[in-house]
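This report refers to the structure that appears directly beneath it.
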Amino acid sequence: MTDKADAFTEKYGPWALVAGASVGLGAAFASELAQKGVNVALIARKPGPLGELSADLQRRYNVSVKTIPLDLAAPDMLKTIAAETDDLEIGLLVYNTAYMLIGPFLEHSLDKQLRSIDVNCRGPLTLAHHFGQKMVERKRGGIILMSSLSGLQGAPWLASYGATKAFNIVLAEGLWYELKDEGVDVLVCCAGAIATPNYIASQPVALGGMAPKPLSTEKVAREAVAALGKKHMVVPGRAYRFSSMLLDKFMSRKRRIKIMADSTEKMYGDRLVTIN
Ligand SMILES: NC(=O)c1ccc[n+]([C@@H]2O[C@H](COP(=O)([O-])OP(=O)(O)OC[C@H]3O[C@@H](n4cnc5c(N)ncnc54)[C@H](OP(=O)(O)O)[C@@H]3O)[C@@H](O)[C@H]2O)c1
């Protein structure tokens, strides 16, 4: 292992917990961390893909892997996670997963809308509170919350998803400041489109023209992990950094909401009312 990987493990090891970790970006986070020699505890609902990833990471990187199959929306999820991890020194928390409803806000049931609060807000806050306390006691550690560019202004047709992503941005920014002098680094990752299985399954129409292409999961995980401890927010991919900088500097909030609406309408067209 290199000196760089040793320093990373010393600061953020020996275990990382990745919430939403069996496939897609979560799996890429787990691989990125295992490659650095960090043992990983992986959460997802389906045990099958979790087991496959676990075997693959152990074989490729010779790290220890623990799988915790559960639903992060479950009211007792912290009780289960605490029982499964109390004997592990979790030095890094990555809250990756999110529940996204596409389409008109009022077309989805209230139960589904509230599920996005459970998975996307209650989940990261609960785990940041539980593991953050232990990290502060040890005076070292890191927390990465996954957010999205859709959390930087209103996101029509993804309204509750965008709002939960805004929650993660503001929560992470506050914690970044509160915990930086306690030895704990906090980062929020605001991504544009990523080629995750969920994204691909939603069958978006390519925006074309100057619009940046979806990033690979590996690139997003690599850039986020590399930014931890260096900044409070990262936007992976040069093209997404450039376009979000332009929107931020030169467009009113109202105009940005319209751009979000137009691009989501273009990506999903008539299907906006039938998805989910
Ligand atoms: N994809 C994009 O274009 C994009 C863009 C910007 C930001 N993001 C952000 O990137 C993150 C990951 O995106 P993604 O969801 O598309 O990809 P992902 O990394 O593929 O997430 C799905 C993973 O989470 C698990 N999971 C889903 N719901 C869960 C639950 N309730 N409890 C426990 N585990 C659960 C899934 O396994 P099981 O199904 O077995 O539970 C799977 O392992 C999200 O925070 C999202 O907001 C994505």
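Read the figures in this text as sums done on the coordinates, not as results from a lab. Since we're looking at a predicted model, the values are computed, not measured. Neighbour counts run over all protein chains shown; Cβ positions are idealised from the backbone, glycine included.
Some notes on this structure:
- Note on Ile200 and Glu178: the extension gain reaches 4.2 nm, defined as 0.36 nm multiplied by sequence separation minus the Cα-Cα distance.
- For region 241-257, backbone phi angles converted through the Karplus equation (6.51, -1.76, 1.60; θ = phi - 60°) give residue-by-residue couplings of 4, 5, 5, 6, 5, 4, 4, 5, 7, 10, 10, 5, 4, 4, 5, 5, 5 Hz, Gly and Pro being listed as x.
- Cα shape, region 3-273, gyration tensor, a/c 1.5 rule: prolate
- Hits among lysines - C-alpha to C-alpha of Lys213 under 19 Å, sequence gap 8 or more where chains match: Lys266
- Remark on region 6-124: Rg and Dmax equal 15.2, 50 Å (Cα only).
- Candidate lysines for bridging to Lys4, where Cα separation is under 25 Å - those fewer than 8 sequence places away on the same chain excluded: Lys36, Lys66, Lys134, Lys139, Lys180, Lys219, Lys230, Lys231
- Computing FRET efficiency as 1/(1 + (r/R0)^6) for Asp71 and Ala226, where r is the C-beta to C-beta distance and R0 is 30 Å, gives about 0.45.
- If the chain linking Glu107 and Ser64 were pulled fully straight, counting 0.36 nm for each residue of separation and taking away their Cα-Cα distance, it would gain 11.1 nm.
- Rounded tilt (10° steps) of 24-35 against the dominant C-alpha axis of the chain: 30
- Extension gain, Lys4-Glu265: 0.36 nm per intervening residue step, less the Cα-Cα distance, totals 89.5 nm.
- Distant-in-sequence amide H partners of Ser148 (H built 1.01 Å from N, under 5 Å): Ala191
- Antiparallel bridge percentage (DSSP; both residues within the chain; nearest 5): 0
- For region 191-247, the set of trypsin sites (Lys or Arg not before Pro) satisfying both a DSSP loop assignment and a count of at most 14 other C-beta atoms within 10 Å is given as Lys230.
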